[in-house]
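Student: The structure follows.
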Amino acid sequence: MSSIIEELQSTVKKLLEDGTVGYVIGWGATRFPDRTTPVFITRPEDAHKLVWNHYCVNGTAKYALDDRYPEKKIGIIIRGCDSRAVNRMIQDNQLKRENLYLIGIPCDGKENPVCEGCQHKNPLVYDVLIGTPVEEKINPDRFKEVAEFEKLSQDEKYEYWAKQYDKCIHCYACRNVCPACNCKECYADQYRVGWQGKQNNRNSNQVYGLTRAFHVGDRCIECGECERVCPMGLPIMRQTKKMLKDINDLFGDYECGLNDSRPHVLGEFDLQDRDEFM
Amino acid sequence: MQLKKTDLTGALKILAADASVFVPGEIEGIKRFVLWDGESDVDLGGANTQLPPKDILFPCTEKMYNYKMGDSIEIKEIVEKPRQVIFGIRPCDMRSIDCMDHVFLEKGFVDSYYSRKRENVTLIAMGCTTPERTCFCDSMGLDPNNAPNADVMMNDGGDTLVLEAYTEKGKAVLEALNGLLSEGGQAKKDTACTLKVNMTPELPEKLAGMFDHPIWDEVTRACIGCATCTYVCPTCYCFDIDSDNHGAEGTKFRCWDSCMFSDYTRMAGGHDPRPTKKERVRNRYMHKLSYFHERYGQHLCVGCGRCVEKCPAHMDITMFIDKAAEV
């Protein structure tokens with residue numbers, strides 16, 4: 001691990017020194033050894049502040065949206081999931097590839113339950129790769145939890161989600177952290193239209209949950225950030241997984257944020273689309 | 001006076017006879033203050049509640065009045081004066097009530113919705129015995145073993161809880177519990193936080209002069225602009241007012257709002273004086289550590305550590321304090 005950190009830091013230092021990038025987004029230390037925080041390295045002499053360990057859980061890619069017209073390229077240190085986030089946002093016309101310099105780093109999984117099912121540990125796209133690729137495997141249990149949950153009755157499912165959404169505090173952390181949630185203005189913020197009330201109650205909370213799930217349904221890269229950040233511990237990925245499972249069942253193998261240019265299944269219309277539910 | 005821990009349920013039954021009693025509990029995996037169900041054991045130890053008790057006095061959504069429009073407008077105010085007891089509230093959260101009292105009851109305006117609840121609540125505080133690694137209340141000038149604004153102060157005495165009444169309301173509580181109490185009791189009052197933060201007496205004024213300091217560019221970049229820090233904060237008191245319209249009638253309500261949201265300072269014409277997270281995070285830190293102090297003479301951060309624990313980006317106000325003290 002230490003040689004990877006050295007390689008990472010020296011690569012970043014060089015990129016800043018030769019002016020390839022304006023700054024680099026990565027992970028830095030906090031007060032606690034088991035926690036890191038996103039850092040933005042602008043000076044070569046600060047490259048040593050970058051860390052790479054089991055606790056680098058935060059997604060890095062979405063921060064690039066804070067800077068849509070950068071003077072120099074934005075350097076982003078990306079794991080497999082972050083690379084899918086980059087693809088996601090490029091496919092959504094939110095980022096331009098030529099504005100990014102991608103420092104790929106193969107990831108062996110972090111202190112985050114979602115990593116256990118990860119099928120893309122190596123960055124799918126990068127300009128430079130730190131270290132060597134790690135072994136990847138197909139996760140046969142990708143939809144196991146959802147399949148189990150589907151066995152519950154409608155009432156049981158309603159009861160379950162009602163209790164979960166009763167906890168929701170409308171902090172919108174799940175939305176703000178999500179690389180697929182990249183609308184210029186979120187429907188929930190269109191306060192003059194009033195789609196989404198600010199009041200906290202079962203209705204309002206569930207409307208938000210449902211809308212979020214459908215909006216990201218065919219674009220979710222399965223990074224699990226929504227669930228990791230939820231301060232109330234809602235199992236948010238279970239919803240997006242359900243959307244993805246249905247899409248896989250209806251439209252064949254489907255994963256988002258890969259290097260293909262397949263259109264979003266919910267974003268295109270095809271006369272051959274299945275419509276028996278109509 | 002002391003109460004045997006084995007008599008705690010009996011004591012809560014007495015308190016619950018004529019009031020809603022809120023105790024530290026758990027709902028769907030989240031530790032928070034819950035309405036005592038009349039029989040469950042209450043655990044006063046362990047980590048503090050993940051959500052603060054502020055919604056008992058300042059609900060996250062609170063109906064204010066109903067209206068009906070016809071030839072004339074009918075308005076019916078919703079007046080609630082629930083008798084409530086918050087049992088086992090820790091000194092950090094007690095200080096947060098002190099902060100809310102300043103905001104809602106002082107400086108020439110009394111918020112009637114808050115004051116009706118505040119007048120009718122009895123606060124039975126519990127000295128902290130189990131600070132988390134993110135707790136830093138003693139750096140913010142609090143004593144984790146004592147809450148001066150409590151009605152009754154409890155401290156852990158081993159097999160007993162040692163109780164002391166600080167107010168008339170508190171004396172009434174001890175009288176009601178008289179049959180279960182005995183004289184004496186030695187309480188352990190030596191809890192201290194492990195996290196020490198360099199909150200110097202000069203910092204509030206120093207920060208006031210640092211509005212344009214480059215430190216803000218650095219410390220605010222990781223923010224994702226969610227409202228987690230403000231909603232888990234025991235002292236964040238901002239609210240919005242809106243209505244739930246159904247044709248010609250409806251309900252006016254107020255609900256928590258967050259200065260982290262993009263629409264918080266957006267004006268009618270579209271201008272936003274705090275357009276990016278830099279201005280928003282700066283405002284929040286300034287409010288906690290400088291502005292409130294200037295207006296009320298105390299910090300708006302009580303050192304409970306909830307925002308440090310819950311921030312999705314692992315931002316840390318204590319790191320900011322240390323950094324600001326140094327520059």
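Where a number appears in this text, it was derived from the coordinates with a stated rule and is not lab data. Just so it is clear, the model here is predicted, and its values are computed rather than measured. Cβ placement follows ideal geometry from the backbone for every residue including glycine, while neighbour counts extend to all protein chains displayed.
Student: Within a 10 angstrom radius of the beta carbon, how do A:Phe214, B:Phe22, A:Phe277, B:Phe136 rank from fewest other beta carbons to most?
Tutor: A:Phe277, A:Phe214, B:Phe22, B:Phe136
Student: Additional query: Would you kindly derive the ³J(HN,Hα) couplings of the stretch A:154-164 from the backbone phi angles with the Karplus curve 6.51 cos²θ - 1.76 cosθ + 1.60 (θ = phi - 60°), listing them in order in whole Hz, with x for Gly and Pro?
Tutor: 4, 5, 5, 5, 4, 4, 4, 6, 4, 5, 5
Student: List the residues, sorted by chain then number, that are 5 or more residues from B:Gly127 or on another chain and whose placed amide H is less than 5 Å from its amide H.
Tutor: B:Met154, B:Asn155, B:Asp156
Student: Per-residue mean of other chain beta-carbon atoms within 10 angstrom of the beta-carbon, peptide A:172-184? Working shown, then result.
Tutor: Working: counts 8, 11, 2, 3, 9, 5, 1, 0, 0, 0, 0, 0, 0.
Taking the mean over all residues of the peptide, I get 3.
Student: Let me ask something else. Per residue of chain A, what 222 nm ellipticity follows from adding -39500 (n - 2.57) for every DSSP H run with n ≥ 4, rounded to the nearest 500?
Tutor: -9500 deg cm²/dmol
Student: Using the Cα centre of chain B as origin and beta-carbon charges of +1 (Lys, Arg) and -1 (Asp, Glu), tell me which of B:Pro59, B:Leu195, B:Ile215 is placed farthest towards the positive end of the dipole.
Tutor: The Cα lying farthest towards the positive end belongs to B:Ile215.
Student: Using R₀ = 56 Å, calculate the FRET efficiency as 1/(1 + (r/R₀)^6) where r is the Cβ-Cβ separation of B:Ser115 and A:Asp260; round to 0.05.
Tutor: Between B:Ser115 and A:Asp260 the formula returns 0.35.
Student: Toward the positive end of the charge dipole of chain B, about the Cα centre and with charges on Cβ (Lys, Arg +1; Asp, Glu -1), which of B:Pro24, B:Thr251, B:Cys128 goes farthest?
Tutor: Of the listed residues, the answer is B:Thr251.
Student: Mind giving me the nanometre distance, one decimal, between the label points for B:Asn198 and B:Glu168, set 7 Å out from Cα along Cα→Cβ?
Tutor: If labels sit at B:Asn198 and B:Glu168, their model points lie 4.8 nm apart.
Student: About the Cα centre, and with charges only on the beta carbon of Lys, Arg (+1) and Asp, Glu (-1), how big is the dipole of the stretch A:88-160? Nearest 20 debye, please.
Tutor: 380 debye
Student: Toward the positive end of the charge dipole of the stretch A:38-138, about the Cα centre and with charges on Cβ (Lys, Arg +1; Asp, Glu -1), which of A:Asn87, A:Ile103, A:Asn53 goes farthest?
Tutor: Ranked along the dipole, the leading option is A:Asn87.
Student: Count the lysine pairs in the stretch B:184-327 whose Cα atoms lie under 16 Å apart, taking only pairs 8 or more positions apart in sequence or on different chains.
Tutor: Number of lysine pairs found: 5.
Student: Using the Cα centre as the reference, give the magnitude of the dipole from point charges on the C-beta atoms of the stretch B:1-122 (Lys, Arg: +1; Asp, Glu: -1; all else neutral), rounded to the nearest 20 debye.
Tutor: That gives a dipole near 220 debye.
Student: Okay, moving on. For a paramagnetic label modelled at 7 Å from the Cα of A:Asp67 toward its Cβ, which residues of the stretch A:81-125 fall within the zone defined by backbone nitrogen distances under 13 Å?
Tutor: A:99-102
Student: So how strong a dipole does chain B carry about its Cα centre when Lys and Arg Cβ are +1 and Asp and Glu Cβ are -1, to the nearest 20 debye?
Tutor: 440 debye
Student: Also, quick follow-up: What distance in nm separates the two pseudo spin-label positions at B:Leu35 and B:His271, each 7 Å out from Cα along the beta-carbon direction?
Tutor: With each label point 7 Å from Cα toward Cβ, the separation is 4.7 nm.
Student: Ok, one more. Could you give the nm distance between label points at B:Ala17 and B:Phe211, where each point is 7 Å from its Cα heading toward the beta carbon?
Tutor: 5.7 nm
Student: A:Phe251 to A:Lys151: FRET efficiency via 1/(1 + (r/R0)^6), r the Cβ-Cβ distance, R0 25 Å, to the nearest 0.05?
Tutor: Details: r = 23 Å, r/R0 = 0.92.
My answer for the efficiency is 0.60.
Student: Something else: Please work out the FRET efficiency for the pair B:Ala47 and A:Asp141, using the Cβ-Cβ distance as r and a Förster radius of 45 Å; give the result to the nearest 0.05.
Tutor: 0.90
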